[in-house]
Amino acid sequence: PYLKNQPIYFVILLKRVRMNKANNQSPMQLFLDTANIEDIKKYAAWGIVDGVTTNPTLIAKEGVSLEKRIKEICKVVNGPISSEVVSNDLDEMLKQGRAYAKWHRNVYVKVPMNAEGLQAVKILTKEGIKTNVTLVFSASQALLAAKAGATLVSPFIGRLDDIAQDGMKLIEEIVQIYKNYNFKTKVLVASTRHPRHIIEAAKLGADIATMPPEIMAKLIQHPLTDSGITKFLQDWDKVKNVQ
Ligand code: E4P
């Protein structure tokens, strides 16, 4: 009977896969927002780093070439690694983006949200190159990025909070809009400042949150865990030799 009903089972399976996608049930991804290779190695060893975002400021802090550092990161983390174009000229963006994409299959070309950036995303997407639209501060910008075919969109919530706007409200709007139309573009919550940003992003169903290493360190910490571990070890010490 199983073989006879195989097409039915297949349809049920397909429906389940689609439902999971609609319910956004793929696990949330956590990225590191840094170009510091030692930090990347340290947290990658925890086994929960899914990707890395860099930007020109982060690369400048390290004093290394973009190409060298991106290639190094690709060896440590097997996931999307964002490398940003540094031009406002469309042809130059395309030239840089195409070159970055050749460095490694996991390189995502980070493109700023402006008219040239949108055109670059459309063209690079057609060529099969993955993109991450950065410096997104409004839902309308996120809508355009998705329509251009961006693989990822990066709303900067901390910088909105900094100017007394509600960064998390923007995430809520983008998640809703993308869900309404089943856009494939993933929401990458960027410019995070503290662990609550990550938790709120997760509650809203954002696909990815990127964070500086200091925030990843804070995600694991709780004083009650530390004191609990110390107490368990102390108590175990008292009885470990008892026969
Ligand atoms: C994201 O891709 C950016 O690199 C980053 O999140 C910017 O964060 P900042 O506002 O802390 O500079």
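The values are calculated or read from the model by the stated rules, or taken from the named source; none is laboratory data. Keep in mind that what you see is a predicted model, and the values were worked out from it rather than measured. Methodologically, a virtual Cβ is constructed for each residue, glycine included, from the backbone with ideal geometry; neighbour enumeration extends over all protein chains shown. For the accessible areas, the whole protein counts, side chains as well, though only heavy atoms, and no ligand, DNA or RNA atoms are used. Shrake-Rupley method; radii C 1.70, N 1.55, O 1.52, S 1.80 Å.
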If we keep only residues of segment 55-74 that are of a type in the set (Val, Ile, Thr) and part of a helix (DSSP H, G or I), then the residue nearest to the ligand (Cβ to nearest atom) is THR57
State whether the residues of segment 80-93 include one that is small (Gly, Ala, Ser), in contact (Cβ under 8 Å) with a residue 60 or more places away in the chain, within 16 Å of the ligand (Cβ to nearest atom) and not in a helix (DSSP H, G or I). yes
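Can you go through VAL77, VAL107, VAL111, VAL86 and tell me which one is modelled with pLDDT of 95 or more and closer than 23 Å to GLU173 by Cβ?
The match here is VAL111.
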Which pairs do you get when a residue that is within 30 Å of THR57 (Cα to Cα), found in segment 176-197, comes within reach of a residue that is of a type in the set (Asp, Glu) and assigned to a helix (DSSP H, G or I), reach meaning Cβ atoms under 8 angstrom, with the pair 6+ apart or on two chains? ARG193/ASP161
Among the residues of segment 157-186, the number that are within 15 Å of the ligand (Cβ to nearest atom), in a helix (DSSP H, G or I) and more than 25 Å from ILE81 (Cα to Cα) is 2
Quick check: anything in segment 218-234 in a strand (DSSP E or B), touching a residue at least 12 places away in the same chain (Cβ under 8 Å) and not hydroxyl-bearing (Ser, Thr, Tyr)? no
When you scan segment 183-241, how many residues do you find that are among the charged types (D, E, K, R) and under 14 Å from VAL153 (Cα atoms)? 3
Answer yes or no: is there a residue in segment 187-195 that is open to solvent by 90 Å² or more (accessible area, probe 1.4 Å), away from the ligand (no atom under 16 Å from the Cβ) and within 24 Å of THR54 (Cβ to Cβ). no
